[in-house]
Amino acid sequence: QQYKAQFGNFFVNNFELEWHAQSFAANKELFPGLDYSDVEKSTRKQNHYESVGPFPFARIVATKDLPPVDEL
């Protein structure tokens with residue numbers, strides 16, 4: 001319900017993002033002048049879901065899967 005309240009009926013099939021190498025904590029040794037502590041604290045595992053239908057994420061996210069409010 002919290003997810004639906006926040007995002008409503010918003011749906012995306014695909015979108016392209018291109019990130020600079022300094023955006024990834026895995027590259028922090030290449031950019032010693034940057035502080036990656038916030039990136040490392042907020043990084044989560046991204047799940048991969050197989051889908052055979054047109055709306056692969058048409059589901060309600062369980063409360064336990066939402067980040068705590070103090071992390072937002």
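Readers should treat all values here as calculations from the given coordinates under stated rules, not as data from a laboratory. Quantities reported herein were computed from a predicted structural model and do not represent experimental measurements. Quick reminder, even Gly has a Cβ in these numbers, built from the backbone with ideal geometry, and neighbours come from all protein chains shown.
Quick notes on this structure:
- Per-residue Karplus couplings for segment 20-25, computed as 6.51 cos²θ - 1.76 cosθ + 1.60 with θ equal to phi - 60°, are listed in order as 6, 4, 6, 6, 9, 4 Hz, Gly and Pro entered as x.
- Here is the list for segment 1-54: trypsin sites (Lys or Arg not before Pro) lying in DSSP coil, each with at most 12 other C-beta atoms within 10 angstrom of its C-beta, are Arg44, Lys45.
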